[in-house]
Amino acid sequence: MKKTILSLAAVLMIGLSAFAEKGENVNERAVKAFTQDFATARNISWEQSKGYVRATFTLNDQVMYAYYTNSGELQAVVRNILSDQLPITLLTELKKEYNGFWISELFEMASNDQTTYYVSLENADKTLVLKSNGTSGWSVYAKTKKDVE
């Protein structure tokens with residue numbers, strides 16, 4: 001009898017903790033789709049925005065972000081990466097063409113069966129955001145000048 005009560009209590013606590021991880025007013029369709037897509041995810045937190053839902057979670061000891069439409073359709077999965085995780089052609093071009101810059105942010109975005117990389121590069125004068133063209137090269141996505149005082 002004690003084992004049954006303890007088992008029931010454990011199941012209830014696990015079930016309640018799953019709901020506790022979800023923020024208020026998070027789209028149920030997105031939550032359901034996420035649960036199917038990332039069954040082994042841990043440390044899940046939710047952010048509901050006007051046009052999408054973002055789940056922040058840990059999978060295989062890596063923090064990731066999944067973006068869903070309000071109808072529960074997966075739009076993209078994003079993760080921060082290190083430069084040595086880039087395809088070699090992209091890494092080589094970065095080192096060759098942007099030698100005077102340092103990397104301040106680098107992430108990989110998987111969407112619609114395509115993987116795209118974004119990198120923020122900085123030097124003393126400006127910040128560049130580059131977007132990969134597949135694995136063959138980079139194009140400038142955004143450029144800003146730094147205010148030098």
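Every number in this text was worked out from the coordinates using simple rules, so none of it is lab data. Since the model is a prediction, treat every value here as computed from it, not as a measurement. Quick reminder, even Gly has a Cβ in these numbers, built from the backbone with ideal geometry, and neighbours come from all protein chains shown.
General observations
- Spatial separation of Cα centroids for the stretch 114-149 and the stretch 50-113, in angstrom: 14
- Model label points for residue 105 and residue 29, set 7 angstrom from Cα along the Cα-to-Cβ axis, are 2.9 nm apart.
- In this label model, residue 126 and residue 112 are separated by 2.9 nm, measuring between points 7 Å along each Cα→Cβ vector.
- Taking only the alpha carbons of the stretch 83-145, we obtain Rg and Dmax values of 11.3, 37 Å in that order.
- Square roots of 5 times each gyration tensor eigenvalue, C-alpha, the stretch 22-78, largest first, Å: 17, 11, 10
- Taken about its Cα centre, the stretch 43-149 carries a charge dipole of about 220 debye when Lys and Arg each add +1 at the Cβ and Asp and Glu each add -1 at the Cβ.
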